[in-house]
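The values are calculated or read from the model by the stated rules, or taken from the named source; none is laboratory data. This is a predicted model, so every value here is computed, not measured. Cβ sites come from the backbone with ideal geometry, for glycine too, and all protein chains shown count toward neighbours. Ligands, DNA and RNA are stripped out before the accessible areas are found, and what is left, the full protein with its side chains, is counted by its heavy atoms. Shrake-Rupley method; radii C 1.70, N 1.55, O 1.52, S 1.80 Å.
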Amino acid sequence: MAFGILSISYHLYRMTFVNKDLQLLDTALTMLKTGFDSFPDTLNTENENRIRDTLLEVSEKLHNNYPYFQSNYAGQMLKPPHAIARLAYMLALYVNPNNHALDGSRASSPMERECIDDIAAMYGWQNALGHLTGGGTMANLEGLWIASKCHPGKVILGSELAHYTHERISHVLGINFQKVAANNRGEMDVLALESELKKGKVGTVVVTMGTTGIGSVDPLPDILSLQEKYHFRIHVDAAYGGYFVLSDALSDKNQEKFNSISRADSIVIDPHKHGLQPYGCGCIVFKDPQVGKYYKHDSPYTYFTSDDLHLGEISLECSRAGAAAVALWATMKCFPLIKAGEFSRQLNGCHRAAHTLYNYVEQDDRFISLVEPSLDIVVWGVSADSLSEMSYKAKTIFQDLARKNVHLALIKYPTKLLPKNWDHVSKDADYVTCLRSCLMKPAHESYISELWYKISDSFDAMTR
Ligand SMILES: *Cc1c(COP(=O)(O)O)cnc(C)c1O
């Protein structure tokens, strides 16, 4: 009987999957084929059985994943790509364009440039220069590289809560990167920044608009005021937070910070984080297109056939997936980057989900909040007399929840950044482990009460 029900529901699942997803792909593929005399064999019949067996083995291996696309995965920064992105990507794979040179990507390079124009326009920029990258790290590498070309030999500053890769990238580039203290809201401390600026050696400040750990937003308007006096370049790392410029649910203060991004010099945003794209899609945009001169090179292979700009001329990476540009273009065609559009609606829902969870934490003595969520990440501690005890309890709850197929994340947070409501806790360690949840899926909003029930249950299980 149980087997019967299982096989019926599997059958239904398969029907909807094939109907809605793959049939659409099949229709689009048929359309694509009409443009070519011949088309790559979808399946080589000689090896069909071997391919089938291997593919089924892969399906089984992939069971060994947490259910990232479900609401009960509320841990790390993982968001499922939208169906249009997935389908457009798969469709483009049959052509497999390379967005390095125009020859290799006659359709997808112009699509990439349209995407860049629209992303730049989201921040009020026109005629900006930019391109897609493998991810935020490569995008930041290019941002910092250009920054070091604009101000050779000068220091680059970033908050101590900036993404850990800035330090490593700077090491690769031979740049002197220094950390600025954060305050107890997890934002760059403006006074600490000014005392560094006074030393006179700073060329660029990296401003994180949405830290990866806790989602805090550096005070860009205050940093822009300091820029008038100390004249430095501003690189905004909005790999995770960048799309929130479209939200209208943020606090006035955070809204103002996002509205002032237009005054920065370069921006990194990850379409593979909040932009509904599969992995392999970051983006760097420079306000001043003149910085393109730093990329100048003479490749002997690629630039014969067109006077148009080849994206490979303004990218440090050579080959890049044209399919990533196709997927992003298709997504932005369906859901334009406008206020009050689908992106705003989804981001507002994620932000509200974070607030709801935060309010549960605030009203419950068993837990202790860290900071009010600026975007859609919530971090909180498990109450105890000392930090080491709190860390132990957070790990215990995290593991118990995982056994029940509810997935949060953990973060090691610096003791010196803890806010006042933690004053009574004995500070017996330099770091405290907290629970962390990235509520990046729209479905999270209606899941929070159930999530809280399960978290409470795991707390009780620990104390029983
Ligand atoms: C995720 C993230 C990065 C790194 O981006 P990847 O796409 O993972 O390479 C850099 N900065 C911030 C703020 C991020 O959230």
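A Förster radius of 30 Å combined with the Cβ-Cβ distance from Asp460 to Thr415 puts the calculated FRET efficiency at roughly 0.60.
Put simply, the C-alpha atoms of the range 102-334 give a gyration tensor, and the ellipsoid matching it has half-axes of 29, 21, 14 Å, longest first. Here the chain is treated with +1 on each Lys and Arg Cβ and -1 on each Asp and Glu Cβ, and its dipole about the Cα centre works out to around 420 debye. Across the cross-link table entries Lys257/Lys427; Lys154/Lys198; Lys199/Lys420; Lys154/Lys199; Lys154/Lys257; Lys257/Lys339, which are compared at the Cα atoms, the separations over 22 Å belong to Lys257/Lys427; Lys199/Lys420; Lys154/Lys257. Where the centroid of each part is defined by its Cα atoms, how far is the range 437-464 from the range 318-344 in Å? Each part's Cα centre sits 32 Å from the other's. If the chain linking Thr30 and Leu173 were pulled fully straight, counting 0.36 nm for each residue of separation and taking away their Cα-Cα distance, it would gain 46.8 nm. Coordinate range of the alpha-carbon atoms in the range 61-105 per principal axis, descending: 44, 22, 18 Å.
When the residues Thr137, Thr331 are ordered by accessible surface, computed with a 1.4 Å probe over the protein chains alone, the sequence from largest down reads Thr137, Thr331. For the modelled label position 7 Å from the Cα of Arg366 along Cα-to-Cβ, which residues of the range 449-464 have backbone nitrogen atoms closer than 11 Å? Counting only backbone N, you get 452-464. Convex hull volume of the C-alpha atoms in the chain, normalised per residue: 177 Å³. Remark: relative contact order (the chain) = 20 percent; criterion is Cα-Cα distance under 8 angstrom and separation of 6 or more residues. Overall shape of the range 243-383 was characterised from the C-alpha gyration tensor. The equivalent ellipsoid obtained from it has semi-axes of 39, 16, 15 Å, in decreasing order. Within the range 342-463, the percentage of alpha carbon pairs spaced more than 17 angstrom apart rounds to 54%. The HN-Hα couplings worked out from phi for the range 122-137 by the Karplus form 6.51 cos²θ - 1.76 cosθ + 1.60 (θ = phi - 60°) are 4, 9, x, 9, 10, 6, 7, 10, x, 6, 7, 9, x, x, x, 5 Hz, whole numbers, x standing for Gly and Pro. Amide H contacts of Ser386: Ser426, each under 5 Å away and 5 or more positions distant or on a separate chain (H built 1.01 Å from N in the peptide plane; Pro and chain starts excluded). If r is the Cβ-Cβ distance from Asn183 to Arg263 and R0 is 22 Å, what FRET efficiency results, to the nearest 0.05? Approximately 0.50, to the nearest 0.05. Computed per residue of the chain from DSSP H runs no shorter than four, each worth -39500 (n - 2.57), the mean residue ellipticity at 222 nm is -13000 deg cm²/dmol.
Exposed loop sites here are chymotrypsin sites (Phe, Trp or Tyr not before Pro) assigned a DSSP state other than H, G, I, E or B and surrounded by at most 12 other beta carbons within 10 Å; excluding them, the longest clear run of the chain is 305-464. Close amide H partners of Arg233, meaning residues 5 or more places away or on another chain with modelled amide H under 5 Å apart, are Thr204, Val205. Each of Met122, Met462, Met390 has its accessible area taken with a 1.4 Å probe; listed largest first, they run Met462, Met122, Met390. One Cα centroid belongs to the range 388-405, the other to the range 234-261; the line between them spans 32 Å. Within the chain, DSSP assigns beta bridges of which about 55% are antiparallel (rounded to the nearest 5).
Residue ranking by accessible heavy-atom surface, 1.4 Å probe, largest first, among Leu43, Leu87 comes out as Leu43, Leu87.
Annotation: amide H-H contacts under 5 Å for Phe177 (H modelled 1.01 Å from N, sequence separation of 5 or more, or interchain): Ile156. May I ask you to derive the FRET efficiency for Asn44 and Tyr66 from their Cβ-Cβ distance with R0 = 51 Å, giving the value to the nearest 0.05? After rounding, the FRET efficiency stands at 0.90.
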